[in-house]
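Inspection log for the structure reproduced underneath, given as structure tokens.
The values are calculated or read from the model by the stated rules, or taken from the named source; none is laboratory data. Bear in mind that the values here come from a model prediction, so they are computed numbers and not experimental data. We place every Cβ from the backbone using ideal geometry, glycine too, and count neighbours over all the protein chains shown. Calculation scope for accessible area: heavy atoms of the full protein, side chains included, ligands and nucleic acids excluded. Shrake-Rupley method; radii C 1.70, N 1.55, O 1.52, S 1.80 Å.
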Amino acid sequence: MSKRKVKETHMPVGECISQVQMILRERFCHQRLPEKPVGMESQHKHLLELLRRTAVHGESNSVLIVGPRGSGKTMLLNCVLRELLEVKDVNKNVLPVHLNGLLQTDDRIALKEITRQLNLENVVGDKVFGSFAENLAFLLEALKKGDRSSSRPVLFILDEFDLFAHHKNQTLLYNLLDVSQSAQAPVAVIGLTCRLDVLELLEKRVKSRFSHRQIHLLSSLSFIQYLDNVRSQLSLPQDFPDTKFYDEWNDSIKTLCEDQSVVDVLQRHYNSSKDFRSLHLLLMLALSRVSASKPAIKPTDLLEASRVCMVDSKANILHGLSILELCLIIAMKHLNDIYEGEPFNFQMVHNEFKKFLQRKSHSIHNFDKPVVMKAFEHLQQLELIKSMDSSTAKIQKEYQLMKLLLDHSQIMEALQKYPQCPTDVKQWAMSAFG
């Protein structure tokens, strides 16, 4: 007999689907933390132990969490903080301060934000401080408890840590790390960055005060683990109200993950990027196609979601070009084939286009040279072609060397999808590509 309630509740399909949408969207949008971080158990244990020493024993520390974007740095830290703040005494005492290098662009703004997050605006009032260090020392002094001489532990979390290194004299980093190294107050400085060379950006005096502890999050997921993760991300939790729908949904997800076409799609995504952020985007797009009339994710939904995710932005730009601009692109590709990828200039492209016009003058309007030049410049603005000359002042516009930033398949795909593309242009393209 199942441990679940004997009395089973059945909800209408529409209601079940809206529940599924809500649960999974919360999961994919990172609004709800996982029970435990997948594949980073040792890093989780290390960071938890480090922050517990600050929170419980008043020991100062500094650490850097390094990993590519989407590898789970913030999620790991939030899981550790959640676990730490579940301890009763810690919850009352610890003060987390979140700073972001993209928002706190200089030390004055950062100091204001620290004061605000520590709720010390009234204490600071209109006081004038001589230096950053003096101001920070005053803030930490204000956190001292009345009953005994111990300070409240402060966790400084610096997101985009590498951007703080660009502040003038690195004053903020110097003072925070100086406090964490001396026994003034229990402080932990946690930096999150995606730059592996972040320590090279630090000044000598700042580097000497850093503990040189680094936690690296480099994805070591195998494809089997990646597939298991997809299954667990799409599965419903056991406390789902309708048990019949719960079983049906989870069975359909199991079948979905065994489908060969789905495995191929996920393999392609795994090869291009192993991070969870891009995976969640793919799953979110597939989930959005579920409705009351179609209450399960089908392999076609994932294939369509993958097509949307991996859409080629450059090929999309080609769909919006004029016929003249498209002809110039074909002329450039023709030149690329003839001269084996050597750079070309406007004059060469114009000559190639003229040759085509002489052969097929009835289907394409004979544009004047200034109009063709304008179209050529527009292609440069769209970054479909790139100038190869560093000094543009000495060379006339017509003779500046250019390089095409598109390949054969992108141009051919655009021609197939281009609405009402003249047959002559298509044939010229086909002959150009041999």
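Of note:
- Between the listed residues MET430, LEU379, ALA55, the Cα displaced farthest toward the positive end of the dipole of the chain, a dipole computed from Cβ unit charges relative to the Cα centre, is found at ALA55.
- Using 0.36 nm per residue and subtracting the Cα-Cα separation, the extra length available between GLN225 and GLN396 on full extension is 55.8 nm.
- Computed E for GLU383/VAL56 - FRET, C-beta separation, R0 56 angstrom, nearest 0.05: 0.55
- Normalising the average separation of contacting C-alpha pairs (under 8 angstrom, six or more residues apart) by the number of residues puts the relative contact order of the chain at 17 percent.
- Around VAL265: net Lys/Arg minus Asp/Glu count, Cβ-Cβ under 11 Å: -2
- Probe 1.4 Å, protein heavy atoms only - accessible area per residue of the stretch 156-215 in square angstrom: 42 Å²
- Rough spin-label spacing in nm, given labels placed 7 Å along Cα→Cβ, for GLU342 and ARG307: 4.2 nm
- Net charge dipole size for the stretch 223-315 [Lys, Arg +1 and Asp, Glu -1 on Cβ; Debye, nearest 20]: 360 debye
- List CYS194, CYS327, ordered by accessible area with a 1.4 Å probe, largest first: CYS194, CYS327
- FRET E, pair ARG25, ARG116, Förster distance 45 Å, beta-carbon r, rounded to 0.05: 0.90
- Å² per residue, accessible surface of the stretch 33-104 at 1.4 Å: 50 Å²
- Magnitude of the charge dipole for the stretch 53-174, about its Cα centre and with charges confined to Cβ atoms of Lys, Arg (+1) and Asp, Glu (-1), is about 220 debye.
- Among SER291, LEU328, SER306 - extreme Cα towards positive end, dipole of the stretch 286-328, charges at beta-carbon: SER291
- When the solvent-accessible area of the stretch 1-103 is split by element, carbon and sulfur atoms take up 54 percent of it, the probe being 1.4 Å.
- Options PHE210, LEU111, CYS16, ranked by Cα towards positive dipole end of the chain, top entry (Cβ charges): LEU111
- Fraction of accessible area attributable to carbon and sulfur, the stretch 162-221 (%, probe 1.4 Å): 49 percent
- Spacing of the two label points (7 Å from each Cα toward its C-beta) at LYS298 and LEU196, in nm: 4.5 nm
- For the chain, the longest principal axis of the Cα atoms and the long axis of helix 13-28 meet at an angle of about 80 degrees.
- Net dipole in debye of the stretch 170-211 [+1 Lys, Arg Cβ; -1 Asp, Glu Cβ; about Cα centre; nearest 20]: 60 debye
- When only Cα pairs below 8 angstrom with a gap of at least 6 residues are kept, the stretch 1-129 shows a relative contact order of 17 percent.
- Mean-position separation - Cα centroids, the stretch 278-342 and the stretch 168-182, in angstrom: 48 Å
- By the Stokes-Einstein formula, at 1.567 mPa s and 4 °C, the stretch 306-434 with its Kirkwood radius over alpha-carbon pairs has D equal to 85 µm²/s.
- Overall Cα dimensions of the chain - principal axes, largest extent first, Å: 94, 73, 38
- Summing charges over all other residues whose Cβ lies under 9 Å from the Cβ of ASP424, with Lys and Arg as +1 and Asp and Glu as -1, gives +3.
- The three principal axes of the C-alpha atoms in the stretch 66-175 carry coordinate ranges of 42, 39, 20 Å, sorted with the longest axis first.
- With all protein chains in place and ligands, DNA and RNA left out, the 1.4 Å accessible area ranks HIS408, HIS319 as HIS408, HIS319, largest first.
- Taking the 1.4 Å solvent-accessible surface of the stretch 241-375 as the whole, the part contributed by carbon and sulfur is 53%.
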